[in-house]
Amino acid sequence: MEIKYLGHSAFYIKSKNARVVFDPFDPSMVGLPLKKMEADVVCVSHDHNDHNFVDGVEGNPYVISGPGEYEVKGVKVTGIPSFHDDAGGKDRGRNSIYLVEVEDVFVCHLGDLGHKLTDNQLKGLEKVDVLLIPVGGFYTIDSKAANEVIAQIEPKMVIPMHFRPAKTSKPVFDKLGSLDDFLKEMGETPRYEKSLTVNKNDFVEEQVSLVVLEPYQ
């Protein structure tokens, strides 16, 4: 299974049988290019233009935009309800967490999660291999809260997203923390990769590995 980071909170996963895109963004809003990708499934965490630009994905994909259980071309997707803020959705509304099982690897995309997880939410996240987590704060959990959520979920691998990029002047990013803020909070040296190929046998060590993916553009 191959994982590529498309920028912001968007990711592309390719397996033998299916292709999945998480949270495609509108380039005109975000100020970053969105690589044209074909997909079989698109998972949308919430209905904001920097996460729901389904028209930017080719291939007539099946769109998942809320909680529930789904299966498309052998890919199992579980949507778990959560909130975009720490006020029960009063400030920014609802958010969906997605747990996707691809080739026996469990990938969790937290969307724009705005709070630490409840016991009920954690019950659905007991098998996470790869965690895609927002770390920039303001719109989502910040680097400190992200570290706490990682401790809650106990994934095998962590890939940060939704932080202030170096190459955009769009105001949507002005209040976001940087990737360095998160890395300092974690206190670990990450691996830097252009893309990532993983399989179940890669996840044998007890220690969490931290990977920073370069945007595929």
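The values are calculated or read from the model by the stated rules, or taken from the named source; none is laboratory data. This structure is a prediction, so every number in the text was calculated from the model and none was measured. No Cβ is skipped: glycine too gets one built from the backbone with ideal geometry, and neighbour counts run over all protein chains shown.
Please tell me if residue 82 is buried (at least 16 other Cβ atoms within 10 Å of the Cβ) and under 23 Å from residue 4 (Cβ atoms). Criteria not met by residue 82. Would you pick out the residues in the range 28-42 that are at pLDDT below 95, outside any strand (DSSP E or B) and either over 21 Å from residue 197 (Cα atoms) or not charged (D, E, K, R) (or both)? Correct list: 28, 29, 30, 31, 32, 33, 34. Of all residues being under 11 Å from residue 134 (Cβ atoms) and aliphatic (A, V, I, L, M) in the range 98-114, which is surrounded by the fewest Cβ atoms within 10 Å (Cβ to Cβ)? Just the residue, please. Top of the filtered list is 113. Taking residue 105 and the conditions (1) farther than 18 Å from residue 146 by Cβ; (2) β-branched (Val, Ile, Thr); (3) touching a Ser or Thr at 6+ places or on another chain (Cβ under 8 Å), which numbered condition does it fall short on, given that it satisfies the others? Of everything listed in (1) farther than 18 Å from residue 146 by Cβ; (2) β-branched (Val, Ile, Thr); (3) touching a Ser or Thr at 6+ places or on another chain (Cβ under 8 Å), residue 105 misses just condition (3). Inside the range 36-47, residues that are surrounded by 19 or more Cβ atoms within 10 Å (Cβ to Cβ) and either farther than 20 Å from residue 81 by Cα or in contact with a Leu (Cβ under 7 Å, 6 or more places away or on another chain) (or both) make up a count of 3. Of all residues in the range 32-88, exactly one satisfies the criterion of being among the charged types (D, E, K, R) and under 14 Å from the mean Cα position of the chain (by Cα), namely 50. If you go through the range 12-31 and keep only what is under 13 Å from residue 53 (Cα atoms) and not β-branched (Val, Ile, Thr), you end up with 22, 23, 24, 25, 26, 27, 28, 29. Given the criterion over 19 Å from residue 182 (Cα atoms), modelled with pLDDT of 95 or more, charged (D, E, K, R) and out of contact with any Lys or Arg (no Cβ under 8 Å at 6 or more places or on another chain), identify the matching residue among 76, 127. When all the criteria are applied, what remains is 76.
Each row is one residue, and each column tells you yes or no for (1) in contact with a Leu (Cβ under 8 Å, 6 or more places away or on another chain); (2) in a helix (DSSP H, G or I); (3) touching a residue at least 24 places away in the same chain (Cβ under 8 Å); (4) farther than 30 Å from residue 73 by Cα.
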| residue | (1), (2), (3), (4) |
| --- | --- |
| 100 | no, no, yes, no |
| 108 | yes, no, yes, no |
| 115 | no, no, yes, yes |
| 125 | yes, no, yes, no |
| 128 | yes, no, yes, no |
| 152 | yes, yes, yes, yes |
| 160 | yes, no, yes, no |
| 167 | yes, no, yes, yes |
| 180 | no, yes, no, yes |
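Looking at residue 161, is it modelled with pLDDT under 95 and in contact with a Ser or Thr (Cβ under 9 Å, 6 or more places away or on another chain)? No: the conditions fail for residue 161. Of all residue pairs spaced 6 or more apart or on separate chains, those with beta-carbon atoms under 7 Å, a first member in the range 68-82 that is part of a loop (DSSP other than H, G, I, E, B) and a second member that is of a type outside the set (Ser, Thr, Tyr) are 73/17; 73/18; 73/40; 74/17; 74/18. Entry remark, the range 115-138: residues being surrounded by fewer than 24 Cβ atoms within 10 Å (Cβ to Cβ), closer than 13 Å to residue 162 by Cα and in contact with a Ser or Thr (Cβ under 8 Å, 6 or more places away or on another chain) number 1 in total. Screening the candidates 25, 11 for the property of being part of a loop (DSSP other than H, G, I, E, B), within 23 Å of residue 168 (Cβ to Cβ), within 15 Å of the chain's Cα centre (by Cα) and of a type in the set (A, V, I, L, M, F, W, C) yields one hit, 25.
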